[in-house]
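Participant: Handing you this structure, nothing more for now.
The values are calculated or read from the model by the stated rules, or taken from the named source; none is laboratory data. Computed from a predicted model, the values in this text were never measured in an experiment. Cβ placement follows ideal geometry from the backbone for every residue including glycine, while neighbour counts extend to all protein chains displayed.
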Amino acid sequence: MLEANRHPNIEILTYSEVVNVNGYIGNFEVEVNRKSRYVNESKCIGCGSCTDVCPIYIPNYFDENLSARKCIDIAFAQAVPAIQDIARESCVECFGCVDACEQQAIDFSQQDEIIELQIGTIIVATGWDLYKGPDYGYGTYENVINQIELERIIAPNGPTYGHLKRPSDRKRPKKILFINCVGSRDVNKNPWCSVVCCNLSLKNSKLIQSEYPDSEIVCVYIDMRCAGKDYEEYYRRSRDAGIIFVKGLVGKIEEDPETKNLIVQFEPVGTDSLVNMEVEMVVLSPASLPSEGTVEIARVMNMEKSPDGFLKEYHARLDPISTKVPGIYLAGSAQGQKTIELAVSQAKGAASSAGIPMGKGEYTMELIRATPSDERCAKCYKCIEACPYNAISVNESGNLVVDIILCRGCGTCAAICPSKAIDLTNFKDIQYMAIIDELLPIGA
Amino acid sequence: MAGTIRAQYPASIRTVLVPCTGRIGSDMVMRTFGRGADGVMIVG
């Protein structure tokens, strides 16, 4: 990220949102809302003297709200650019930061700013979010956490500086249960496999086991899906390290109100016994969902989505990088659930795909386009309303003009025209009538 | 898609490829009925 930020040809707009996209490959016009951080980016040097004086603490989003940050603070330690922003909805406007800032960078009058960019090609890489449903008492029982929260807890720069502590009493849990496939591989919730969670459970359970060898870790799974290079070996090493893997589905989970321990009931596959177990912490591996940003960018750019809500690629097997719109490419989990190495491969593929037309400076497309006829046109202009790409306009003499680049050759205008004045190259009405006549011979 | 999942369909079905379902006008549908088709299925 830092390297990208320092690259002379890369401009990173953080704390910004794409609000509108028009145009076509080579000539996209993109409107970006640069949200106001109330700190002048060119003046701030990130010294943090404003953070020191700020009296307000708010939940730290980066730490999954497990720790607190100041109202004026850096998003996280390695954030790029390393400058502060003010969460205005929580600010009490004491202006202590204004006095503390030697650079006079704090500007409470800053407004959101819409900037317009001329863009050649677009790569959408808006990622995924975690399913946060109430399964297994998540959100009700304090010691039921998800993998990302555990990631933060065991991170050296996290809320507990890397010491494993459970949320209820900040003591180290010895008996930990991992539950895989929470809200995923479930036809009533999210039918897909989220791909990464098996390995995520392996990684985190193994980390805990090696740091605290007296831990007792049980992992309940439906199937361990450790496909891919080195993953099966990783799974084997976890089993050798003493982590217990049980095939089954957890049926019930209850909290002991005094100790806040969790009493878990499950039936291991292949046995008739029902296991009742008391554990000190439960870690869920929830489904991956299209991120808020993915949902939003699909709406803004009018992008096609797969039934699962992830962005639709040109072809699921043969071209998972392009979209149906020339010049727009996909990378990472915005397109579907995937592991890091696949996301990296796809990102490099997307960068190369975008580089081809950019380097050539030209793009070849099939000219299946709407062709209006001025003589037949009755000027009802129904086609203008019907066109999903706003490709049809009217010139001074009232005749139709089709923008041959905006037009994608869907033929909706040809179907709706009452006077048959607009037709589609290679897909003409007369051709269709001939096809129908040939397919359905009279008297056959 | 039908091919990928090995779906079977009767041999009496005739398919006409369109660039987009929006291309299909009522005149095209009426023509098929006029030529004796029992039904038209528009699949997108």
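Participant: Could you grab the pairs with beta carbons closer than 6 Å, sequence gap of 6+ or different chains, first residue in segment A:422-444 and facing another protein chain (nearest Cβ under 7 Å), second one hydroxyl-bearing (Ser, Thr, Tyr) and not in a strand (DSSP E or B)?
Facilitator: Listed by first residue and then by second, the contacts come to A:Ile436/B:Thr32.
Participant: Can you find, within segment A:397-416, the residue that is farthest from B:Val29 (Cα to Cα) among those that are within 10 Å of another protein chain (Cβ to nearest Cβ) and without any contact (Cβ under 8 Å) to a residue 40 or more places away in the chain? Spell out how you get there, then give the answer.
Facilitator: Step one: filter segment A:397-416 for residues within 10 Å of another protein chain (Cβ to nearest Cβ), giving A:408-416.
Narrowing further to those that are without any contact (Cβ under 8 Å) to a residue 40 or more places away in the chain: A:408, A:410, A:412, A:415-416.
Values: A:Arg408: 23, A:Cys410: 17, A:Thr412: 15, A:Ala415: 11, A:Ile416: 13 Å.
Result: A:Arg408.
Participant: Look through A:Pro159, A:Pro173 and report the one residue that is at pLDDT 95 or above and assigned to a loop (DSSP other than H, G, I, E, B).
Facilitator: On the way: A:Pro159 fails: at pLDDT 95 or above.
On inspection, the qualifying residue turns out to be A:Pro173.
Participant: Would you tally the residues in segment A:48-103 being part of a loop (DSSP other than H, G, I, E, B) and basic (Lys, Arg)?
Facilitator: Kept after step one, since they are part of a loop (DSSP other than H, G, I, E, B), are these residues of segment A:48-103: A:48, A:54-56, A:60, A:64-67, A:71, A:74-84, A:87, A:91-95, A:101-103.
Next cut, basic (Lys, Arg) only: none.
Residues flagged as part of a loop (DSSP other than H, G, I, E, B) and basic (Lys, Arg) within segment A:48-103 amount to 0.
Participant: Run down A:Ile123, A:Ile153, A:Ile115 and say which single residue is within 30 Å of A:Ser184 (Cβ to Cβ), surrounded by fewer than 20 Cβ atoms within 10 Å (Cβ to Cβ) and touching a residue at least 40 places away in the same chain (Cβ under 8 Å). Spell out the reasoning first.
Facilitator: Details: A:Ile153 fails: surrounded by fewer than 20 Cβ atoms within 10 Å (Cβ to Cβ); A:Ile115 fails: within 30 Å of A:Ser184 (Cβ to Cβ).
Result: A:Ile123 is the single residue among A:Ile123, A:Ile153, A:Ile115 that is within 30 Å of A:Ser184 (Cβ to Cβ), surrounded by fewer than 20 Cβ atoms within 10 Å (Cβ to Cβ) and touching a residue at least 40 places away in the same chain (Cβ under 8 Å).
Participant: Quick one: in segment A:359-393, which of the residues that are of a type in the set (A, V, I, L, M, F, W, C) and in contact with a helix residue (DSSP H, G or I) (Cβ under 7 Å, 6 or more places away or on another chain) is surrounded by the most Cβ atoms within 10 Å (Cβ to Cβ)? Spell out how you get there, then give the answer.
Facilitator: Here is the first cut: in segment A:359-393, the ones of a type in the set (A, V, I, L, M, F, W, C) are A:365, A:367-368, A:370, A:377-378, A:380, A:383-384, A:386-387, A:391-392.
Pick out the ones that are also in contact with a helix residue (DSSP H, G or I) (Cβ under 7 Å, 6 or more places away or on another chain) and you get A:370, A:383, A:386-387, A:392.
Details: A:Ala370: 26, A:Cys383: 23, A:Ala386: 17, A:Cys387: 23, A:Ile392: 21.
In this case the residue turns out to be A:Ala370.
Participant: Go through (1) under 30 Å from A:Arg170 (Cα atoms); (2) hydroxyl-bearing (Ser, Thr, Tyr); (3) loosely packed, with under 14 Cβ neighbours inside 10 Å and name the single condition A:Ser238 misses.
Facilitator: Failed condition: (3).
Participant: Right, something else. Say whether the condition of being more than 22 Å from the chain's Cα centre (by Cα), more than 14 Å from A:Gln84 (Cα to Cα) and surrounded by fewer than 18 Cβ atoms within 10 Å (Cβ to Cβ) is met by at least one residue in segment A:33-56.
Facilitator: Within segment A:33-56, one or more residues are more than 22 Å from the chain's Cα centre (by Cα), more than 14 Å from A:Gln84 (Cα to Cα) and surrounded by fewer than 18 Cβ atoms within 10 Å (Cβ to Cβ).
Participant: Being exposed (fewer than 12 other Cβ atoms within 10 Å of the Cβ) and at the interface with chain A (Cβ under 10 Å from one of its Cβ atoms) is the filter here, so list the residues in segment B:31-40 that pass it.
Facilitator: Hit for segment B:31-40 is B:Gly36, nothing else.
Participant: Here is a follow-up. Being more than 14 Å from every other protein chain (Cβ to nearest Cβ), acidic (Asp, Glu) and in contact (Cβ under 8 Å) with a residue 60 or more places away in the chain: is that true of A:Glu341 here?
Facilitator: Spelling it out, A:Glu341 is indeed more than 14 Å from every other protein chain (Cβ to nearest Cβ), acidic (Asp, Glu) and in contact (Cβ under 8 Å) with a residue 60 or more places away in the chain.
Participant: For segment A:135-150, which residues satisfy the criterion of being of a type in the set (Asp, Glu), over 9 Å from A:Pro286 (Cβ atoms) and crowded, with 17+ Cβ neighbours inside 10 Å? It would help to see each step written out before you state the result.
Facilitator: Here is the first cut: in segment A:135-150, the ones of a type in the set (Asp, Glu) are A:135, A:142, A:149.
With the extra rule that they be over 9 Å from A:Pro286 (Cβ atoms), the set shrinks to A:142, A:149.
Once the filter is applied, which keeps residues that are of a type in the set (Asp, Glu), over 9 Å from A:Pro286 (Cβ atoms) and crowded, with 17+ Cβ neighbours inside 10 Å, segment A:135-150 yields only A:Glu149.
Participant: Where in segment A:192-303 are there helices (runs of 4 or more DSSP H), lying wholly inside it, with at least 2 residues that are under 20 Å from A:Glu151 (Cβ atoms) and basic (Lys, Arg)? So that I can check it myself, show each step before the final result.
Facilitator: Values: elements: A:197-211, A:231-240, A:292-300.
Output list reads A:197-211.
Participant: Restricting the first residue to segment B:9-27 and requiring it to be more than 7 Å from chain A (Cβ to nearest Cβ), which pairs with a second residue that is among the polar types (S, T, N, Q) and not in a loop (DSSP other than H, G, I, E, B) meet a Cβ separation below 9 Å and a spacing of at least six or different chains?
Facilitator: From residues that are more than 7 Å from chain A (Cβ to nearest Cβ), the pairs are B:Thr21/A:Thr412.
Participant: Testing A:Lys348 on (1) part of a helix (DSSP H, G or I); (2) surrounded by 14 or more Cβ atoms within 10 Å (Cβ to Cβ); (3) not small (Gly, Ala, Ser), one condition comes back false. Which one is that?
Facilitator: (2)
Participant: Okay, moving on. Regarding A:Arg166, is this residue of a type outside the set (A, V, I, L, M), in contact (Cβ under 8 Å) with a residue 40 or more places away in the chain, touching a His at 6+ places or on another chain (Cβ under 8 Å) and in a loop (DSSP other than H, G, I, E, B)?
Facilitator: Details: of a type outside the set (A, V, I, L, M): yes; in contact (Cβ under 8 Å) with a residue 40 or more places away in the chain: yes; touching a His at 6+ places or on another chain (Cβ under 8 Å): no; in a loop (DSSP other than H, G, I, E, B): yes.
So A:Arg166 fails the test.
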